[in-house]
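Trainee: There's a structure below that I have some questions on.
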Amino acid sequence: MKQLSLFITIFISFLAFSQDKPKLVVGIVVDQMRYDYILRYYNDFEDGGFKRLIGDGFLYRNAHYNYMPTKTGPGHASIYTGTTPARHGIIGNDWHETSIGWDINCVFDSTARVVGGVSNGEVSARNVKGTTITDELRLFYNFNAKVIGISLKDRGAAIPAGHNPTGAYWYDLKSGNMITSTYYSDDLPNWVKEYNELNRPTDFLSNRWTLFKDKTAYNESIEDNNPYEEELRKGMGVSFPHNLQQYKDDPSLLKYTPFTNTMIKEVSMRAVEAESLGMDSIPDFLSMSFSATDDIGHKFGPRSVEVQDTYLRLDREISEFLSFLDEEVGNDNYTVFLSADHGATDVPSYLYKNKMPSGYHNNPHLRNYIGDLLVEKFGEGKWVSSLINEQIYLNRDLIQAKDLDLKEVKQVVIDALMKEDYIVEAFDADVVAMRMFTDPVLIKLQNGYDNKRSGDILYILKTSTLSDSWGRQGTDHRTPYTYDTHIPIIFYGKGIKKGSSVRKVSITDIAPTLSMLLNISLPSMADGDPLMELFD
């Protein structure tokens, strides 16, 4: 009798815990979302979007990235693996692959081909070294849990979806279709084909991008017509309204408008319906990455009316998507987390105008300067193989051929870098590899260093310093400074209590938290901690 009683107790406990799991987890990553956008735009948000997530969910007000460079690929990888680039290996959107002698994209897969479009199909998550939370969900349920990744960008879809998802879909800038690669499937599912047949890019590009709200709502932004913004296309101007009609046959322009966010919402809704996500007792996972916020931010900068308008529109998209989930899945059957893959600096020329620390440098000039210096010191040759992610890859074959000491060559470069006013730190990769730093900024440098993929020399720029290779309008991101690292983390829905915290937490804490909520294994390299406030 005692054994039967114990079995019944365990079974009831297991049943209760199983019922407490969400049927669907939705991961939302908003590309380039600085934390202060919540504060600045909050009063203009509607009740059903960001305000609903924050008011009925749990907001981490002091969440940060714990490495550099802060970019899209590493950001998505760190969210979904629970570790930093030093371990998961996605050290940038691109890096120099020394074995082949050229720079590669973080999701580049030479064995894959495009499906459903005409370009951008050599894509998979093979370069992610460990498992993702979505991988672990698939493994735990013997691949019966469904995982779908959807994004404008290939890396925003492929990395979150993991190594063996149900599907991953992204936007083809040439055809205007949502596509996948042969890594995932040899054909698009019918529901994606049917969406492509709607030709939504032409619909959006046949109109103007006008203000979403009355112009009086945009007092959190600077004057619309200003010198700190870059035109979408030459001759279009930098202020509202943006006339898109003349480019209706150019689907690549769409990424610089908020309407790709609408597309991601629409495709995600179709995925939930067609794939029956959240419809049984086995939890499913939908990852959504809204990328228009990043492309528009790069063009116009964080103080622009365009960025504010994009967030006000995104607020509506999120509101509509949550209402959709309420109807399709049930408002007590899903859990959402929302975060960002990085932030961004204010436009340096705007900061300079207002007497704030900022500046510009020139990457091509720096590469030529280092190359010329090494020619002068060691003789003719192409000494610099690549300069990317504030890392210099030296031509090791040339150094070996000339029988030079690699350490000596690196020191010559480091000494030269430290004479540049816009560089504050420069290190031999061998020093970074020892992982002995205790300074908070330098810890981020070593957390972004991969022994096999990173360069020979790493350096850090002054705050709000960008390369002016493409002009002095718009913004960028990559640094260890708070404008790039401080992002929101919001949890909402089933199993999540209301509240907020100012405790400093890291982006790598999201995946372990999801493991605990779903009661599944941790991603293989996860070293973040579950967000304890959610479990008190």
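The values are calculated or read from the model by the stated rules, or taken from the named source; none is laboratory data. Quick caveat, the model's predicted, so the values are computed rather than measured. Methodologically, a virtual Cβ is constructed for each residue, glycine included, from the backbone with ideal geometry; neighbour enumeration extends over all protein chains shown. Quick note on the areas: whole protein, heavy atoms, side chains included, nothing else; ligands and nucleic acids left out. Shrake-Rupley method; radii C 1.70, N 1.55, O 1.52, S 1.80 Å.
Trainee: Given the conditions (1) touching a strand residue (DSSP E or B) at 6+ places or on another chain (Cβ under 6 Å); (2) in contact (Cβ under 8 Å) with a residue 60 or more places away in the chain; (3) over 21 Å from Gly167 (Cβ atoms), report the number of the one that Ile104 does not fulfil.
Mentor: The single condition Ile104 does not satisfy is (2).
Trainee: A follow-up question, please. Among the residues of the range 274-294, what is the count of those that are open to solvent by 10 Å² or more (accessible area, probe 1.4 Å), of a type in the set (A, V, I, L, M) and part of a loop (DSSP other than H, G, I, E, B)? Let's see the steps before the verdict.
Mentor: Step one: filter the range 274-294 for residues open to solvent by 10 Å² or more (accessible area, probe 1.4 Å), giving 274-276, 279-282.
After this cut, where a residue has to be of a type in the set (A, V, I, L, M) as well, the list is 274, 279, 282.
Going one step further and asking which of them are part of a loop (DSSP other than H, G, I, E, B), we end up with 279, 282.
Result for the range 274-294: 2.
Trainee: I've got another one for you. For the structure I just gave you, tell me whether Trp102 is more than 16 Å from Leu458 (Cα to Cα) and aromatic (Phe, Trp, Tyr).
Mentor: Details: more than 16 Å from Leu458 (Cα to Cα): yes; aromatic (Phe, Trp, Tyr): yes.
Yes.
Trainee: Among residues belonging to the range 347-376 that are among the polar types (S, T, N, Q) and at pLDDT 95 or above, point out the one that is most open to solvent (accessible area, probe 1.4 Å).
Mentor: So the first thing to find is which residues in the range 347-376 are among the polar types (S, T, N, Q), and the list is 349, 354, 358, 362-363, 368.
Then drop every residue that is not at pLDDT 95 or above, which leaves 349, 354, 358, 368.
Values: Ser349: 29, Asn354: 78, Ser358: 33, Asn368: 95 Å².
The residue in question is Asn368.
Trainee: Where the second residue is among the β-branched types (Val, Ile, Thr) and open to solvent by 10 Å² or more (accessible area, probe 1.4 Å) and the first is under 24 Å from Pro440 (Cα atoms) and lies in the range 478-494, which pairs have Cβ atoms under 6 Å and are six or more apart or on separate chains?
Mentor: Pro480/Val441; Tyr481/Thr463
Trainee: If I go through the range 435-477 residue by residue, how many of them are outside any strand (DSSP E or B), of a type outside the set (Asp, Glu) and touching a strand residue (DSSP E or B) at 6+ places or on another chain (Cβ under 8 Å)?
Mentor: 11
Trainee: Give the range 377-411 a look and list any residue that's open to solvent by less than 30 Å² (accessible area, probe 1.4 Å) and assigned to a helix (DSSP H, G or I), or say none.
Mentor: Ile399, Val409, Lys410
Trainee: Within the range 307-353, count every residue that is of a type in the set (A, V, I, L, M), out of contact with any strand residue (DSSP E or B) (no Cβ under 9 Å at 6 or more places or on another chain) and either on the phi > 0 side of the Ramachandran plot or not in a helix (DSSP H, G or I) (or both).
Mentor: Counting residues in the range 307-353 that are of a type in the set (A, V, I, L, M), out of contact with any strand residue (DSSP E or B) (no Cβ under 9 Å at 6 or more places or on another chain) and either on the phi > 0 side of the Ramachandran plot or not in a helix (DSSP H, G or I) (or both) gives 1.
Trainee: Mind checking which residues of the range 380-420 are more than 27 Å from Ile104 (Cα to Cα) and touching a residue at least 40 places away in the same chain (Cβ under 8 Å)?
Mentor: Ala416, Glu420, listed by residue number.
Trainee: Sticking with this one: Determine if the range 510-521 includes at least one residue that is open to solvent by 40 Å² or more (accessible area, probe 1.4 Å) and in contact (Cβ under 8 Å) with a residue 24 or more places away in the chain.
Mentor: Looking through the range 510-521, at least one residue is open to solvent by 40 Å² or more (accessible area, probe 1.4 Å) and in contact (Cβ under 8 Å) with a residue 24 or more places away in the chain.
Trainee: Now, a different point. Suppose we filter the range 295-346 for residues that are within 17 Å of His486 (Cα to Cα), open to solvent by 10 Å² or more (accessible area, probe 1.4 Å) and of a type outside the set (Lys, Arg); how many remain?
Mentor: Qualifying residue count, the range 295-346: 1.
Trainee: Scanning for something part of a strand (DSSP E or B) and either at pLDDT below 95 or of a type in the set (Val, Ile, Thr) (or both), does the range 56-76 turn up at least one residue?
Mentor: Restricting attention to the range 56-76, the residues satisfying the condition of being part of a strand (DSSP E or B) are 58-64.
Next cut, either at pLDDT below 95 or of a type in the set (Val, Ile, Thr) (or both) only: none.
No, because not a single residue in the range 56-76 is part of a strand (DSSP E or B) and either at pLDDT below 95 or of a type in the set (Val, Ile, Thr) (or both).
Trainee: Criterion first (basic (Lys, Arg), open to solvent by 10 Å² or more (accessible area, probe 1.4 Å) and more than 21 Å from the chain's Cα centre (by Cα)) does Arg113 satisfy it?
Mentor: Numbers: basic (Lys, Arg): yes; open to solvent by 10 Å² or more (accessible area, probe 1.4 Å): yes; more than 21 Å from the chain's Cα centre (by Cα): yes.
So Arg113 passes the test.
Trainee: Look at the range 55-92 and say how many of its residues are within 19 Å of Lys153 (Cα to Cα) and open to solvent by 10 Å² or more (accessible area, probe 1.4 Å).
Mentor: Looking only at that region, the number is 1.
Trainee: Out of all the residues in the range 197-209, is one or more of a type outside the set (A, V, I, L, M, F, W, C), closer than 27 Å to Val347 by Cβ and crowded, with 18+ Cβ neighbours inside 10 Å? Working first, answer last.
Mentor: Step one: of the range 197-209, the residues of a type outside the set (A, V, I, L, M, F, W, C) are 197, 199-203, 206-208.
Of the ones still in play, those that are also closer than 27 Å to Val347 by Cβ are 208.
From what is left, the residues that are crowded, with 18+ Cβ neighbours inside 10 Å are none.
No, every residue in the range 197-209 fails to be of a type outside the set (A, V, I, L, M, F, W, C), closer than 27 Å to Val347 by Cβ and crowded, with 18+ Cβ neighbours inside 10 Å.
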